[in-house]
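Participant: The structure under discussion is supplied below as structure tokens; questions concerning it will follow.
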Amino acid sequence: MATQQPMQCPLVINGREMEATGGRRFSRENPANVNQVVTEAAEATAEDMRNAIHASRRAFDTNTESWVTNYKLRERVLFKAGELIRQNAERLADVVRLEVGMPARQAAVHVSAAADVFEFYAGFASKMYGETMFLPTGSQVNLVKEPIGVVGLITPWNFPLTQTARKVAPALAAGCTVVLKPASYTPMAGYELVRILHEAGVPKGVINFISGPGSTVGDELVRSSSVDKISFTGETGTGKSIAAQAANEIKRVSLELGGKAPYVVFEDADFEGASRAAIFGMFRNAGQACGATTRLLIQESIHDAFLEHVVRLGRTLQVGDPADQATDMGPMISRNQERTVMDYIKFGQDAGFDLVLGGNKLQGGDFDNGYFVEPTIFANVDNSSKLGQEEIFGPVIAVMSFKDEEEAIHLSNDVPFGLVAGVWSGDHARTLRVARQIKAGTVWIRDNYQQPAEGIWGGFKESGMGRELGPYGMDDFMEVKQIFTDGTGLAMKPAYRQVIKE
Ligand code: NAP
């Protein structure tokens with residue numbers, strides 16, 4: 001892939017690629033090498049967003065090319081999109097690597113996971129069965145599922161293909177039409193998916209793509225009375241303001257927000273497996289992950305030995321150029337994020353927690369061109385401190401010890417978030433007991449950070465509402481309607497006597 005020239009990211013409205021009204025553009029630099037502009041994107045205006053919403057509305061209301069009713073068309077388009085993602089895997093992985101700074105090995109898996117999601121939901125398009133029941137009177141209740149309508153999908157930058165696929169694929173499978181607004185750090189990844197969907201045969205106007213600032217075009221999407229639902233992934237603060245805005249017109253909203261995941265390791269854990277699972281969850285995508293293992297909870301009796309094991313493994317991680325197949329951890333997404341992460345590290349040091357790994361910004365040579373921070377682990381962290389409570393979104397891990405099951409569960413739940421958690425113990429009954437008491441949308445037992453398309457993703461508490469992936473992911477884009485049909489043939493039904501005497 002030619003990486004010298006910036007990739008060009010237009011808007012897509014009603015099947016046409018175009019520049020923004022007024023011609024403004026913004027650029028995205030490579031976070032591993034800030035001297036390289038990787039994407040130049042159209043910076044949409046509120047007017048462009050209104051045009052995109054209008055195109056989406058018209059496509060839905062006119063049932064363009066039978067999109068809303070012909071599930072076989074939707075099934076074909078989604079399967080084809082999955083196939084095209086696989087055919088373009090190398091190029092897509094490059095786009096993700098360049099915009100996010102995600103190491104090449106991780107970007108390749110990320111692309112294949114996005115294809116999985118399209119293929120999974122392709123099968124669902126033809127399985128939107130409802131339910132039927134005959135009442136004792138002989139009348140019939142039909143419960144049918146219908147697409148919600150026009151949906152606004154607002155996505156984050158950290159896993160730009162899969163986060164987008166999890167919304168776009170079920171929305172399209174259900175027969176909705178879409179306006180997609182990607183994060184401004186990663187416009188190209190979203191555009192590539194929309195381009196692939198058009199190549200796969202999606203009718204004009206069914207999916208529209210608008211890059212530009214969340215505060216203007218994102219806000220326009222949320223406020224529009226022509227949009228039936230917003231599905232948002234991002235920070236809890238942004239999610240709260242979107243939910244408040246949508247409440248004005250009872251617009252449907254689903255929210256995938258922040259996390260502060262615990263990983264609980266009991267004394268009977270297999271050190272080799274548990275330490276690898278922990279490191280994988282901590283430092284994947286440099287900890288810029290809502291489901292990252294941010295708190296490692298180790299039982300007192302094995303605390304020192306297990307921590308030593310984890311630190312030894314952490315030291316082997318290679319931080320550097322995401323293009324290098326040997327690189328395990330890339331840069332932070334931006335200067336701001338690097339600063340935020342370094343501020344948390346300083347807080348940890350000032351608070352007197354034990355810095356047992358890393359703690360520095362990487363400097364010298366190529367590191368000076370990017371936002372690189374060492375994998376960092378603090379031990380003996382107080383769970384009630386900022387390091388225990390707040391989402392850092394970087395490679396900074398808080399380690400705590402616990403005495404028994406009860407304390408492990410208490411610490412796990414003692415945060416505002418409830419997205420994911422992990423438990424490692426050789427005692428099957430114990431893992432189940434603990435998993436049931438942790439308040440999180442997903443609990444991994446003897447594994448970490450697995451997200452099959454067949455499962456679910458979504459959080460308790462301030463981690464959000466609604467569920468993505470799996471069959472539940474379809475529910476977010478469908479309304480259930482009751483169609484009641486008289487089966488009595490009576491002109492004067494018993495219920496009418498409440499109002500009419502004869
Ligand atoms: P963010 O700042 O909240 O932005 C997310 C998206 O919202 C971006 O497209 C952004 O556009 C847009 N946006 C910002 N302000 C808006 C507004 N007022 N109205 C409408 N849209 C608006 O989050 P982020 O920094 O991209 O992502 C990191 C966060 O996402 C973390 O907190 C992480 O935990 C969370 N996350 C959650 C999940 C999950 O599944 N639970 C998954 C991944 C990430 P701009 O980019 O143009 O500002």
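Participant: Once phi is turned into ³J(HN,Hα) by the Karplus curve 6.51 cos²θ - 1.76 cosθ + 1.60 with θ = phi - 60°, what whole-Hz value does each residue of region 344-357 show in order, with x for glycine and proline?
Facilitator: 5, 5, 4, 4, x, 5, 4, 6, x, 6, 7, 7, 9, 8
Participant: May I ask you to give the solvent-accessible area per residue for region 351-482, in square angstrom, as obtained with a 1.4 angstrom probe?
Facilitator: It amounts to 42 Å² per residue over region 351-482.
Participant: Further question on the same structure: Rounded to the nearest percent, how much of the accessible area of region 175-256 (1.4 Å probe, protein heavy atoms only) is carbon and sulfur?
Facilitator: The C+S portion of the solvent-accessible surface of region 175-256 is 50 percent.
Participant: Follow-up question, since we're still on this one. What shape does region 307-399 have by the C-alpha gyration tensor, where a ≥ b ≥ c are the square roots of the eigenvalues, rounded means a/c under 1.5, and otherwise prolate means a/b greater than b/c and oblate the rest?
Facilitator: It comes out oblate by the Cα gyration axes.
Participant: Round to the nearest 10 and give me the degree value, 0 to 90, for the angle of helix 160-174's Cα axis relative to the longest principal axis of the chain.
Facilitator: Between the helix axis and the principal axis of the chain, the angle is about 20 degrees.
Participant: Output the antiparallel fraction of DSSP beta bridges having both residues in region 7-49, as a percent to the nearest 5.
Facilitator: Of all bridge pairs located within region 7-49, approximately 75 percent are antiparallel.
Participant: How large is the dipole of region 46-89 about the Cα centre if only Lys and Arg carry +1 and Asp and Glu carry -1, each at its Cβ, rounded to the nearest 20 debye?
Facilitator: Here the size comes out at about 160 debye.
Participant: With both bridge residues required to lie in the chain, what share of the DSSP beta bridges run antiparallel, to the nearest 5%?
Facilitator: Looking only at bridges with both residues in the chain, the antiparallel portion is about 45 percent.
Participant: Tell me, what ³J(HN,Hα) does each residue in region 212-222 have, in order and in whole Hz, if you take phi through Karplus 6.51 cos²θ - 1.76 cosθ + 1.60 with θ = phi - 60° and put x for Gly and Pro?
Facilitator: x, x, x, 5, 10, 6, x, 4, 4, 5, 5
Participant: Right, something else. Ignoring solvent entirely, what values of log10 I(q)/I(0) come out of the Debye formula for region 110-171 at 0.25 Å⁻¹ when each Cα is a single scatterer?
Facilitator: -1.05
Participant: List the equivalent ellipsoid semi-axes of region 345-502 in whole Å, largest first, each obtained as the square root of 5λ for an eigenvalue λ of the Cα gyration tensor.
Facilitator: Taking √(5λ) for each Cα gyration eigenvalue gives 51, 21, 16 Å.
Participant: Taking the highest mean first, how do the peptides 139-148, 450-459 order by number of other beta carbon atoms within 10 angstrom per residue?
Facilitator: 450-459, 139-148
Participant: Related question: Can you compute 3J(HN,Hα) from phi for each residue in region 196-206, using the Karplus curve 6.51 cos²θ - 1.76 cosθ + 1.60 with θ = phi - 60°, rounded to whole Hz and x for Gly and Pro?
Facilitator: Per-residue couplings from phi come out as 4, 5, 5, 5, 6, x, 5, x, 4, x, 6 Hz.
Participant: Tally up the carbon and sulfur contribution to the accessible surface of region 358-446 as a whole percent, 1.4 Å probe, everything protein left in place.
Facilitator: For region 358-446, the apolar C and S fraction of the accessible surface comes to 44 percent.
Participant: What percent do you get for the relative contact order of region 353-502 when only Cα pairs under 8 Å and 6+ apart count?
Facilitator: 13
Participant: Find the relative contact order for region 305-346 and round it to a whole percent, using C-alpha pairs within less than 8 Å whose residues are 6+ positions apart.
Facilitator: Taking the mean separation of contacting Cα pairs over the length of region 305-346, I get 22 percent.
Participant: Can I ask one more? Got a sec? What order do 372, 484, 280 fall in by accessible area at 1.4 Å, biggest, i.e. largest, first?
Facilitator: The residues order as 484, 280, 372, largest area first.
Participant: Hey, can you find the accessible area per residue of region 156-237 for me, probe 1.4 Å, expressed in square angstrom?
Facilitator: It amounts to 21 Å² per residue over region 156-237.
Participant: Continuing with this model, one more query. Once you have the Kirkwood Rh of region 99-228 from its Cα pairs, apply Stokes-Einstein at 20 °C and 1.002 mPa s and quote D in µm²/s.
Facilitator: After rounding, the answer is 131 µm²/s.
Participant: Where a ≥ b ≥ c are the square roots of the eigenvalues of the C-alpha gyration tensor, would you call region 1-124 rounded, which needs a/c under 1.5, or, failing that, prolate if a/b is larger than b/c, or oblate?
Facilitator: Oblate, because a/c is 1.5 or more while a/b does not exceed b/c.
Participant: I've got another one for you. Once the convex hull of the C-alpha atoms of region 230-373 is built, how many Å³ does it hold per residue, rounded to a whole number?
Facilitator: In region 230-373, the Cα hull volume divided by residue count equals 160 Å³.
Participant: Also: Which three lengths, in whole Å and largest first, does the chain cover when its Cα atoms are put on their principal axes?
Facilitator: 83, 56, 39
Participant: Something else: Over 30 Å between Cα atoms: which of 229/260; 260/346; 403/461; 72/260; 361/403; 481/501 fall into that group?
Facilitator: Correct reply: 72/260; 361/403; 481/501.
Participant: In degrees, nearest 10, range 0 to 90: what is the angle between the Cα axis of helix 303-315 and the longest Cα principal axis of the chain?
Facilitator: Tilt relative to the chain: about 80 degrees.
Participant: Hey, what angle do you get for helix 71-87 against the long axis of the chain, alpha-carbon based, 0 to 90 degrees rounded to 10?
Facilitator: The two axes meet at around 20 degrees.
Participant: Using helices alone, I'd like the mean residue ellipticity at 222 nm for the chain: each DSSP H run of four-plus residues gives -39500 (n - 2.57), total over residue count, nearest 500.
Facilitator: Result for the chain, helices only: -11500 deg cm²/dmol.
Participant: While we're looking at this one, here's another question. Sort 45-52, 257-264 for me by packing, meaning the mean count of neighbouring Cβ atoms within 10 Å per residue, highest on top.
Facilitator: Ranked by mean Cβ neighbours within 10 Å, highest first: 257-264, 45-52.
Participant: Could I ask something else about it? Would you list which aspartates and glutamates come within 12 Å of residue 181, measuring only between C-alpha atoms, while excluding same-chain residues fewer than 8 positions from it?
Facilitator: Once the sequence-local aspartates and glutamates are set aside, what remains near residue 181 is 43, 48, 219, 220.
Participant: Could you tell me which of rounded, prolate or oblate describes region 434-502, using a ≥ b ≥ c as the square roots of the eigenvalues of the alpha-carbon gyration tensor, with rounded for a/c under 1.5 and, failing that, prolate when a/b is larger than b/c and oblate otherwise?
Facilitator: prolate
The values are calculated or read from the model by the stated rules, or taken from the named source; none is laboratory data. These figures come from a predicted structure and were not determined experimentally. All Cβ positions, even for glycine, are placed from backbone atoms using ideal geometry, and neighbour counts span all protein chains on display. Surface accessibility is based on the protein's heavy atoms, side chains included, excluding ligands, DNA and RNA. Shrake-Rupley method; radii C 1.70, N 1.55, O 1.52, S 1.80 Å.
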